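The values are calculated or read from the model by the stated rules, or taken from the named source; none is laboratory data. Note that the coordinates shown come from a computational prediction; the quantities given were computed from them, not determined experimentally. Here the Cβ positions follow ideal geometry from the backbone for every residue, glycine too, while neighbour counts run over all protein chains shown. Keep in mind that these areas ignore ligands, DNA and RNA; they rest on the heavy atoms of the full protein, side chains included. Shrake-Rupley method; radii C 1.70, N 1.55, O 1.52, S 1.80 Å.
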Amino acid sequence: MAGLPLSELDQPLGQAKRARASKPYGRWLSRGLVSALIVIFAGLALYAALKRDPHGGEPIATAVIRERAPATDIAQAPPQPARPEERRGPASASQLETDSGVTVVRPGSEAPGAIVITVPDDGTVKLAPAPDKRLVERTRHGILPKVGTDGATPAQVYARPLGPAPATKPAGRIAILVGGLGISQSSTSEAIARLPGPVSLAFAPYGAELEKTVQRARSEGHEVFLQVPMEPFDYPDNDPGPHTLLTGPKGSDNLDRLQWVLGRFTGYVGIVNFLGGRLTADDMALTPLLREVAGRGLMVVDDGSSPRSLLASAATRAQIPALKADLALDAVPRAETIDRELARLETLAREHGAVVATASALPVTVERIARWARTLEGKNLVMVPVSAARGFRNPSTTGSLR
């Protein structure tokens with residue numbers, strides 16, 4: 001129809017409108033950006049190539065190093081007054097004495113009416129080192145104890161000191177000797193660690209690394225004894241072990257056996273019988289053995305296991321410090337029985353002033369003794385080492401209190 005615009009479909013072929021020519025500004029802008037980026041990257045590459053910085057791209061810090069002033073200049077510099085917060089202490093010992101109000105009297109000075117103040121230690125009791133070279137001799141059986149040329153004996157030197165006296169007089173003193181140590185390492189370690197220092201420990205002669213174990217016990221404050229195997233009445237059915245001391249004709253080698261046992265470790269205060277009902281009842285068999293013990297400066301303890309034993313009385317006649325135990329705490333190794341015997345021990349200590357008991361290193365025994373020992377202070381009872389218990393006994397007796 002006339003006057004209406006023609007659609008693209010109605011237009012004659014070849015008569016399409018000519019497209020508008022696009023403006024060149026966009027192409028110029030894009031080409032300029034590309035050229036700028038190329039120039040920037042080329043410049044960076046040229047700078048890196050010329051600079052050759054080995055640390056390029058890493059953080060860099062610059063430190064200024066100044067030459068230190070010579071020592072002579074420091075010495076000649078006038079001293080600067082210390083600020084109050086920088087003062088560490090007095091300028092001299094005299095100033096310290098003045099500031100604290102204490103006057104120290106030095107050697108060579110007279111101090112009329114001076115008071116000597118003894119500073120108490122921490123209460124730790126330390127045993128003398130062992131072996132003491134004055135008290136040993138080397139033999140084919142090892143190092144054996146002996147009396148020193150100055151008269152010192154192992155019974156004196158290796159004993160645990162009593163330590164400071166109690167503030168009040170105790171109602172009684174109790175000594176306990178725990179034996180059978182050195183064979184089982186676990187039981188021995190537990191006894192050393194858990195039992196109080198005043199508890200004395202007796203070692204059998206058959207364990208491994210005895211010297212090392214005994215010295216560990218002594219470092220924990222325990223004085224030690226050596227258990228000597230002796231013939232019981234039912235020997236050999238009941239055999240104490242190798243090198244047992246025997247009676248009758250079989251006892252001809254007793255001195256050699258005894259020296260073998262004595263050479264097993266060092267640092268012990270004395271000996272205690274292990275079994276030995278038959279031997280300790282035989283005065284003739286005991287005499288040469290006790291003569292050997294006396295010559296070596298040792299103490300003798302009778303464990304009280306045999307009512308027929310002459311060990312303590314025969315040792316006393318040989319001028320050997322000796323005593324006999326009053327009771328065994330774990331003849332029946334049950335907790336309630338041990339507790340009952342410990343209560344009995346307290347009663348005996350109050351009645352007689354001092355009492356001695358023996359026990360074995362069974363775990364139940366160690367546990368009950370360790371628990372019981374913590375109650376003694378409240379009962380006004382004191383534990384003492386076995387070596388010291390003899391001094392609290394009646395001088396006219398050497399055996400048990402029974």
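A quick yes/no check of all residues on (1) within 21 Å of Gly295 (Cβ to Cβ); (2) open to solvent by 70 Å² or more (accessible area, probe 1.4 Å); (3) within 29 Å of the chain's Cα centre (by Cα):
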site	(1), (2), (3)
Gly248	no, no, no
Asp253	yes, yes, no
Arg257	yes, no, no
Phe265	yes, no, yes
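Within the range 384-396, residues that are closer than 12 Å to Pro321 by Cβ and open to solvent by 70 Å² or more (accessible area, probe 1.4 Å) have Cβ atoms under 8 Å from residues that are of a type in the set (Gly, Ala, Ser) and at pLDDT 90 or above in these pairs: Arg390/Ala322, counting only partners at least 6 apart in sequence or on another chain. Quick check on Ala217: is it in contact with a Gly (Cβ under 6 Å, 6 or more places away or on another chain), among the aliphatic types (A, V, I, L, M) and either assigned to a loop (DSSP other than H, G, I, E, B) or surrounded by 18 or more Cβ atoms within 10 Å (Cβ to Cβ) (or both)? No, not satisfied.
Condition test on Leu345, is it open to solvent by less than 20 Å² (accessible area, probe 1.4 Å) and in contact with a helix residue (DSSP H, G or I) (Cβ under 7 Å, 6 or more places away or on another chain)? No: the conditions fail for Leu345. Note on the range 118-185: enclosed strands (runs of 3 or more DSSP E) holding 2 or more residues that are free of Cβ contacts under 8 Å to residues at least 60 places away in the same chain are 136-139.
Tell me which strands (runs of 3 or more DSSP E) are completely within the range 278-388 and hold 1 or more residues being touching a Pro at 6+ places or on another chain (Cβ under 9 Å), or say none if there are none. So that I can check it myself, show each step before the final result.
Details: elements: 299-302, 322-324, 354-360, 381-383.
Ranges flagged: 299-302, 354-360, 381-383.
For the structure I just gave you, tell me whether Phe203 is modelled with pLDDT of 95 or more, surrounded by fewer than 18 Cβ atoms within 10 Å (Cβ to Cβ) and of a type in the set (A, V, I, L, M, F, W, C). Considered against the rule, which asks whether it is modelled with pLDDT of 95 or more, surrounded by fewer than 18 Cβ atoms within 10 Å (Cβ to Cβ) and of a type in the set (A, V, I, L, M, F, W, C), Phe203 comes out as no. Of the residues making up the range 236-246, those that are under 36 Å from the mean Cα position of the chain (by Cα) and open to solvent by 60 Å² or more (accessible area, probe 1.4 Å) are Asp239, Pro242, His243. Look at (1) crowded, with 19+ Cβ neighbours inside 10 Å; (2) out of contact with any strand residue (DSSP E or B) (no Cβ under 9 Å at 6 or more places or on another chain) and you find that Arg291 fails only one, number (1).
Of everything listed in (1) farther than 20 Å from Pro145 by Cβ; (2) of a type outside the set (Lys, Arg); (3) crowded, with 23+ Cβ neighbours inside 10 Å, the single unmet condition for Met284 is (3).
Beta carbons closer than 7 Å, at least 6 apart along the sequence or on distinct chains, pair a first residue in the range 301-313 that is at pLDDT 95 or above with a second that is acidic (Asp, Glu) and open to solvent by 10 Å² or more (accessible area, probe 1.4 Å) for Leu310/Asp283. Only one of the numbered conditions (1) touching a helix residue (DSSP H, G or I) at 6+ places or on another chain (Cβ under 8 Å); (2) within 30 Å of Arg368 (Cβ to Cβ) is not met by Ala318, and that is (2). For the range 294-333, residues that are touching a Gly at 6+ places or on another chain (Cβ under 9 Å), of a type in the set (A, V, I, L, M, F, W, C) and open to solvent by less than 20 Å² (accessible area, probe 1.4 Å) total 11.
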